[in-house]
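The structure under discussion appears below in the form of structure tokens.
The values are calculated or read from the model by the stated rules, or taken from the named source; none is laboratory data. Fair warning: this is a prediction, and the values are worked out from it, not measured in the lab. Cβ atoms come from the backbone with ideal geometry, glycine included; neighbour counts cover every protein chain shown.
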Amino acid sequence: MVRWGLLLDNPAWHGEYKPMELLATVDGTRESAEAQLRELVRLYRPSDPTKPKRTRIYRTVDGWALICDGPLGQSFAYRFMVCELEWDSEPADGPGTV
């Protein structure tokens, strides 16, 4: 069975690096992984901006992009991706398995 990672690529802000986050893993089809990620994107409330004026969600080749406009005119772009797991150093039933 194929395992998919649902990833969030956070924007850097004021030169501060924010690492990519593994939101969840899904075993099954790409379509089921995309359906779960689609729901996560719709429910996601980013920490920046704290009071968004406008939020847009775009479909991309491998997931979605969520763009939030802040009250001072700045935009924050969050990239959500569905990625197929090709290799893992731990067995499938090891620690961290969902």
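Taking the condition closer than 30 Å to residue 87 by Cβ, of a type in the set (Val, Ile, Thr) and free of Cβ contacts under 8 Å to residues at least 24 places away in the same chain, does residue 61 pass?
Considered against the rule, which asks whether it is closer than 30 Å to residue 87 by Cβ, of a type in the set (Val, Ile, Thr) and free of Cβ contacts under 8 Å to residues at least 24 places away in the same chain, residue 61 comes out as yes.
Kindly establish whether residue 31 is within 13 Å of residue 4 (Cβ to Cβ) and part of a helix (DSSP H, G or I).
Criteria met by residue 31.
Which of the following residues is under 17 Å from residue 2 (Cβ atoms), at pLDDT 95 or above and of a type in the set (Gly, Ala, Ser): 24, 65?
Sole residue among the options that is under 17 Å from residue 2 (Cβ atoms), at pLDDT 95 or above and of a type in the set (Gly, Ala, Ser): 24.
Would you pick out the residues in the stretch 36-81 that are surrounded by 14 or more Cβ atoms within 10 Å (Cβ to Cβ), in a helix (DSSP H, G or I) and hydrophobic (A, V, I, L, M, F, W, C)?
Within the stretch 36-81, 37, 40, 41 qualify.
Report, by residue number, each residue of the stretch 20-35 that is surrounded by 14 or more Cβ atoms within 10 Å (Cβ to Cβ) and β-branched (Val, Ile, Thr).
Within the stretch 20-35, 25, 26 meet the criteria.
Quick check: is even one residue across the stretch 8-20 at pLDDT below 90 and of a type in the set (A, V, I, L, M)? Walk me through how you get there before you give the answer.
Pass one, the stretch 8-20, residues at pLDDT below 90: 10-19.
Filter once more, keeping what is of a type in the set (A, V, I, L, M): 12.
For the stretch 8-20, residues at pLDDT below 90 and of a type in the set (A, V, I, L, M): present.
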